[in-house]
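Chemist: Please find one structure pasted underneath; my questions will follow.
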Amino acid sequence: MRKETREYKFDWMLWTMFDAGAKIKKGFPKEYSHSLNYMPYFRGVIEPMLATGDPGQKFIECCAAYLDNLVHSRDKGFKTAITTFCFSPAILYAMDIVPVCLEILSVMQTLTGKRGTAEHLDYCNEVGYTETSCSSQRGSLGGYLAGNGAEIDMIVTDTPGVCDTNANAFAFAAAYLDKPFFSLDMPPELNGVRSDAYHLGDFRALIAFLEKHTGKKLDIDKLREIMQRIQKQDELVAELEDLARLRPSPMPVTFNFMVHASRFLFAGMPECTVCLESMLAVAKENAAAGRSGLSSGVEKLRSFWCYIDHYTQNLRLWQMLERNNICYQGNILSRSWAANAPHVKEYGTEAAAYELDLSTLDSMILGMALLNSRMPMIKSIRGPYDAKNMWLEDTVNLAKLHGADFIVYNGTPGCRNTWGMVKMFARDTEKAGFPTYIMYADAFDDRVESWEATQERFEEFLTVRGLL
Amino acid sequence: MIVAGCDVGSLTSKAVIMDDGRVLNSVIIKSKARPWESADEVMKAALDGAGIAMNDVKYCVGTGYGRDKMKFINEAITEIACHGRGARWLLPTAMTVIDIGGQDCKAMRLDRDGKVVRFMTNDKCASGTGRFLEVMARVLGIGLADLGEMSARATTPITMASACTVWAQADVIAHLNNRVPIEDIAAGVNNAMASRMAVLANSVGVERDVCMTGGVAKNDGVVSALEKLLGVRIKRIRRSDPQMAGALGAALFAHDRVNGGSR
Amino acid sequence: MKEEFREASAVLENKWVKKWKEGGGKVVGYTCSYVPDEIFYAAGILPYRVRGFGAEAMTIGDTYFGPFICSLPKCMLQLAGQGGFDFLDGVIITPGCDSMRRLDECWRKMGDDAGAHMPAFHFHFGVPHKFTDYSVTWFIEETRRLVAEVERHFNVTITNEKLGEAIRVHNKTRLLLERFDAIRSQADPPISGTDALAVILAGTTMPRDDYNSLLGELVGELEQGGERLAGRARLMLVGSASDDVELVRLIEGDRALVVADNLCFGTRFYSNLVNEEGDPVEELAKRSLAHNDCPRMYGEYRDRLNRLINKAGKARVQGVILQNIRFCDLHGSENGLFERDLEKAGIPCMRLEREYGPIVESGRMRMRIDAFLERIV
């Protein structure tokens, strides 16, 4: 890591960038265009985001508020916990803990930094963490391992049984930084009495751990309030997902990204509700006018992403989709498994869903345990990909529901789990009638495959398969 | 007393003849398919140049990947130890040595006595080695020696796939097709190389002074990119060709042996 | 006699397996040391640890697995696809690690495509990643589920008495291997690490009663003395699964000896006894899950580190080789931590990343090992 990189804490730098980003559109147009010059590597993101109007503005504000909490956690009396995107942060907020979500911070770093996540990725290797590990955590973990971020109190994750490289990142961090560690473990089956009991026992142990390391008892009223907001947010997401089924889809391409990011940052908190409401308003307006969410207004193709996006600099993935008039019909990250989600009803997967019962503390804890066990990735890649309620079934059903013309896989070379099954998975999605493209890029690191090459190969797929 | 060191690498082979700690002759040749042939040839050239017969050599140490196959040596020592030793002789203040050879690269940290206390080598892929630069230079249609000078004239170096040489090659071709200035590509190549080396160097812990050995030490583009990444100045070796460090180290070990010293 | 062990460790369908099958016996393969093989002993079935050595190509492995996957399960799949495991009547896959657990789908799909090579009995054994009251409860139930499925499929009855007997027989192996460890820890031990691994591996591929008697003889002989291997650097081998004696041979060369290990195919296979009192299924599940030597048991690093330091002290090792198969992030990363902390404790370490399978880069590995030996001796 360069000396100059260590001069300022990286999360502080992110906060200043997003904080400024949240403000620049509020001045005069000239001030706006002038200010953009001061964020040369971020302008490629902030401009298209803010161009979506209120949702983009709210989303950048949401990111800024999150980072504000993170870098000022001590002043605000919060503890901090390094955690993962597929761990619902609601329980942490209920305990006054700021979730230090590594994957989201990696995305922020790759969206804003001149050198993206490269220095953090490399720093991890330099202190002994393997270079083949997933870049989604390494992209920000390097900053914390180097002591170049906010102070960390504890580490919590929920990926053992789901994703080794993810769980390992947190276990490594705990050992390296010598911090308290807790992991929720996921049995291979999602449903059933045994799995429910396991999820519940594990979640109770998590609460005990959090109570021990915050010195606070779980506040039932606060938890209830947060869970009520989650119910509201689930309704909003369900409505957005339902609207996305329309032809043309009224959802602008970046909405999916904003839906999942705001939930990973602020599930159960008002900031997330505000973002979702703003997106829903725009989607409804487009739907009422029969308008496509694409900026050209012309929808030529509908894509479904069965795993994650590609985040490196300037939202280039979304730009490419826009340029080709392809709408984005969701990915594994944006999915909600609340009982009211449209795909749950449509495909009769109620058993795979969760319901929140807020009547007693026990029922709330069970609800949180089940919600957490149905987070993206946690739900669908814990068992064999072709088992009930797992990756293949979810993907094919969702692709059908959203009228997708094709399916794309993108991840990182660190994803041992999906790379162990994606070839067979793609064979099966093809059999189900969806041309399927496997991208070999790294969502967080251009040095694995440059964006230019990724784009060329992607467009070649569209051409060869006669989709364009 | 005359001693010799012979370093057979994958791309080049080197030999050094030394008399009482003074270099009498050093020779570098392109390696042959079989390491023992390279060893015989480079050794013969070095001896002939110094006007010395093999019988006059009291002790000879072999190193490099072909070290166990040399017929004329008294002892084989790894290139890790030899490069450390050679680098310390070339630059007496060296504590960290970065060596980039044809098909591997390594970082070493030395103790006060010049003994290697920590080392790391690259994994098996060619990216981050001299071969990587050679492939890229060929794709760019320039000489290997021009890469450094060209990258100095870059304005916006490209970011390229650097984890794999084959993919990197595809990337370079794509950039050429897109009419990206060759200087920017060259700088991207050197930066990619430097960043892989920086990981190795930081893994062993960088302690000053830092020096570079191996052929790539002559590429100023890589060296200066590496300086930026590591935040230290890399001391240039002037006393000899940095590619000779391994053979020099081997000759120095031979010198120790005939003078009754162990390593 | 060492030949017996060598064959059982280096031939897939070794003579013991052949004899077992000829007698009408069933064989069930498993991929992970968290599977309690006592269950199969009690059922009169030969438990067989699935191996990956000897795969020369990766055509089948690469057809089903993606490119960024550990080469050990790829080699296992390759062998399976070539009919190397056709003698198996069943196979148990666990979520030991992500690469290994996807062997489940890969093997099944390959079997579908080929219309062969997939054992009739197939079981996904869910081993939790933590040791707590609720995970033990889960695992006891999971073990009961396995027992019931084995009983149903193979039409056998696994009584508590049979399980108790199996536990006693397997504990006997563990005690013998403990004595074997003590022999390896001696100054100038009478057995190399290469041979020692062959002896240990044989226990996973041959009938337990035969193994116990062969092992008992060997241990007795070695305790009496034997030809000593003197003047070699004493090493401990740590990290990813290694069932290939050739790797140990390469590391040892003629200058070093591997006198201790923490490998899945090594000491992890036999450390800790099963309690012989109490409900046998519960005790089997508890012994398996209490094992936290594998980095799949997250958050237990300190325990593992302390165990390594103790082991290094007992075996008086001069250096530790921390190896991992490429893409094995669990061991690879933990090796990074071990290196930091063992060096701090004054124990020299070398990290070595490698591919599983035919050793193709022996020159480079040899150089690194030699350089390490130059450092520590």
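Chemist: Write down the radius of gyration of chain A and its Dmax, each obtained from C-alpha positions, in Å.
Modeler: Answer for chain A, Rg first and Dmax second: 20.8, 62 Å.
Chemist: Go from 0 up to the bin containing the longest alpha carbon distance in segment A:134-181, width 10 Å each, and give me the % of pairs per bin.
Modeler: P(r) for segment A:134-181, in whole percents per bin: 27, 60, 13, 0.
Chemist: Next up: Counting only other chains, and only Cβ atoms inside 10 Å, what mean value do you get across the residues of C:369-377?
Modeler: 5
Chemist: Going by C-beta contacts inside 10 Å, put A:114, A:423 in order with the fewest on the left.
Modeler: Ordered from fewest to most neighbouring Cβ atoms within 10 Å, A:114, A:423 come out as A:114, A:423.
Chemist: Can you return the aspartates and glutamates within cross-link range of residue B:218? Criterion is Cα-Cα under 17 Å, with same-chain partners fewer than 8 residues away left out.
Modeler: B:99, B:104, B:134, B:146, B:149, B:227, B:241
Chemist: To make sure I understand, if each residue's beta carbon is the centre and we count other beta carbons within 10 Å, what order do A:356, C:197 fall in, fewest to most?
Modeler: Sorted ascending by nearby Cβ count, the order is A:356, C:197.
Chemist: Tell me, A:93, A:328 in order of fewest to most beta-carbon neighbours within 10 Å?
Modeler: Lowest to highest Cβ neighbour count: A:93, A:328.
Chemist: I need the shape label for the protein assembly as shown. Rule: rounded when a/c is under 1.5, else prolate if a/b > b/c, else oblate, with a, b, c from the alpha carbon gyration tensor.
Modeler: Cα axes put the protein assembly as shown in the oblate bin.
Chemist: Place +1 on the Cβ of every Lys and Arg and -1 on the Cβ of every Asp and Glu in chain C, take the dipole about the Cα centre, and give the residue among C:288, C:348, C:150 whose Cα lies farthest towards its positive end.
Modeler: About the Cα centre, the residue reaching furthest to the positive side is C:348.
Chemist: Rounded to whole Hz and in sequence order, give me ³J(HN,Hα) for segment A:332-344 from the Karplus expression 6.51 cos²θ - 1.76 cosθ + 1.60, θ = phi - 60°, writing x for Gly and Pro.
Modeler: Listing the rounded values in order: 5, 7, 7, 5, 10, 10, 5, 4, 8, 5, x, 5, 5 Hz.
Chemist: Okay, moving on. Step through the residues of segment C:115-132 one at a time and calculate ³J(HN,Hα) from phi using the Karplus curve (6.51 cos²θ - 1.76 cosθ + 1.60, θ = phi - 60°), rounding each to whole Hz and writing x for Gly and Pro.
Modeler: x, 6, 6, 9, x, 5, 9, 9, 9, 9, 9, x, 9, x, 10, 8, 10, 9
Chemist: While we're here: Relative contact order for chain A: what is it in percent, counting Cα pairs under 8 Å that are at least 6 residues apart?
Modeler: 17 percent
Chemist: Need one number: the % of Cα-Cα pairs in segment A:1-105 sitting beyond the 17 Å mark.
Modeler: 59 percent
Chemist: Same structure, new question: Modelling each spin label as a point 7 Å along the Cα-to-Cβ direction, I'd like the residue C:62/residue C:210 distance in nm, to one decimal.
Modeler: So the label points at residue C:62 and residue C:210 sit 3.7 nm apart.
Chemist: If you average the alpha carbon positions of segment C:269-293 and of segment A:28-84, how far apart do those two centres end up, in angstrom?
Modeler: Going from one Cα centre to the other spans 53 Å.
Chemist: Taking amide hydrogens as modeled 1.01 Å from N in the peptide plane, which residues meet the under 5 Å criterion relative to residue A:249, leaving out close sequence neighbours?
Modeler: Counting only residues 5 or more places away or on other chains, the set is A:293.
Chemist: Tell me, how many Å apart are the Cα centres for segment C:34-82 and for segment A:256-325?
Modeler: About 43 Å separates the Cα centre of segment C:34-82 from the one of segment A:256-325.
Chemist: Which angle from 0 to 90°, rounded to the nearest 10, does the C-alpha axis of helix C:193-202 make with the longest principal axis of chain C?
Modeler: Its long axis makes an angle of about 10 degrees.
Chemist: Considering all alpha-carbon pairs of segment A:158-270, what whole percent are spaced by more than 17 angstrom?
Modeler: The calculated P(r) of segment A:158-270 puts 72 percent of pairs beyond 17 Å.
Chemist: What is the set of long-range amide H partners of residue C:265 at a cut-off below 5 Å, with H atoms built 1.01 Å from backbone N?
Modeler: C:242
Chemist: Separate question: Is there a quick way to get the dipole size of chain C? I mean about its Cα centre, with the Cβ of Lys and Arg at +1 and of Asp and Glu at -1; what is the value in debye to the nearest 20?
Modeler: My answer is approximately 780 debye.
Chemist: Which one, A:173, A:162, A:145, is farthest towards the positive end of the dipole of segment A:54-188 when Lys and Arg carry +1 and Asp and Glu -1 on their Cβ?
Modeler: In segment A:54-188, that residue is A:145.
Chemist: Something else: Taking the Cα atoms only, what angle lies between the long axis of helix B:220-230 and the longest principal axis of chain B, rounded to 10 degrees?
Modeler: That works out to roughly 80 degrees.
Chemist: Can you give the helix-only mean residue ellipticity at 222 nm for the protein assembly as shown, where every DSSP H stretch with n ≥ 4 adds -39500 (n - 2.57) and the sum goes over all residues, rounded to the nearest 500 deg cm²/dmol?
Modeler: Result for the protein assembly as shown: -15500 deg cm²/dmol, rounded to the nearest 500.
Chemist: Kirkwood hydrodynamic radius, computed over distinct alpha-carbon pairs, for segment C:301-345: how many Å, to one decimal?
Modeler: The answer is 11.0 Å.
Chemist: Sorting check: for B:237-249, B:50-62, which peptide has the highest mean count of neighbouring beta carbons within 10 Å, and how do the rest follow?
Modeler: The packing order, highest mean first, is B:237-249, B:50-62.
Chemist: As I understand it, the dipole of chain A uses +1 on the Cβ of Lys and Arg and -1 on the Cβ of Asp and Glu, about the Cα centre. Which of A:86, A:40, A:278 lies farthest toward its positive end?
Modeler: Value: A:40.
Chemist: Quick check: from the Cα gyration tensor, does segment C:90-153 come out rounded (a/c under 1.5), prolate or oblate?
Modeler: It is oblate, given that a/c is not under 1.5 and a/b is not larger than b/c.
Chemist: I've got another one for you. Which loop-located GluC sites (Glu not before Pro) does segment C:203-264 contain, where loop means any DSSP state but H, G, I, E or B and the Cβ has at most 14 other Cβ atoms within 10 Å?
Modeler: C:227
Chemist: If amide H atoms are built 1.01 Å from N in the plane of the peptide, which residues on other chains or at least 5 residues away come under 5 Å of the amide H of residue A:80?
Modeler: A:98, A:153, A:154
Chemist: Let me spell out the model: positive unit charges on the Cβ of Lys and Arg, negative unit charges on the Cβ of Asp and Glu, origin at the Cα centre of segment C:135-237. What dipole size does that give, in debye rounded to 20?
Modeler: The dipole magnitude comes to about 240 debye.
Chemist: Let me ask something additional. Name the lysines eligible as straight-distance cross-link partners of residue C:286: C-alpha to C-alpha under 24 Å, and not fewer than 8 places from it in the same chain.
Modeler: Reachable lysines: C:130, C:162, C:172, C:311.
Chemist: Determine ³J(HN,Hα), in whole Hz, for all residues of segment B:17-24 in sequence, where each value follows from phi through the Karplus function 6.51 cos²θ - 1.76 cosθ + 1.60 and θ = phi - 60°; x replaces Gly and Pro.
Modeler: Once θ is set to phi - 60°, the couplings for segment B:17-24 become 10, 10, 10, 6, x, 10, 6, 8 Hz.
Chemist: Right, here's the next one. Alpha carbon centre of segment B:224-252 versus segment A:171-227: separation in Å?
Modeler: Answer, in whole Å: 52.
Chemist: Mind giving me the FRET efficiency for residue A:463 and residue B:173? R0 is 22 Å, r the Cβ-Cβ distance, nearest 0.05 is fine.
Modeler: The formula returns an efficiency of 0.70 here.
Chemist: Something else now. What is the dipole size for chain A, taken about its Cα centre, with +1 at each Lys and Arg Cβ and -1 at each Asp and Glu Cβ, in debye to the nearest 20?
Modeler: 440 debye
Chemist: Can I ask one more? Straight-line reach from residue A:76: which lysines have a Cα under 24 Å away, not including same-chain ones fewer than 8 places off?
Modeler: The reachable lysines, counting only those whose Cα sits under 24 Å from residue A:76, are A:9, A:23, A:58, A:179, A:212, A:216, A:217, A:222.
Chemist: Rounded to the nearest 10 degrees, what's the angle between the helix C:160-185 long axis and the longest principal axis of chain C, both from Cα atoms, 0 to 90?
Modeler: Approximately 10 degrees, to the nearest 10.
None of the figures in this text is laboratory data; all of them are computed from the coordinates on show. Please read these numbers as outputs of a predicted model, since none were measured by experiment. A quick note on method: Cβ atoms are made from the backbone with ideal geometry, for glycine too, and the neighbour counts reach across all protein chains shown.
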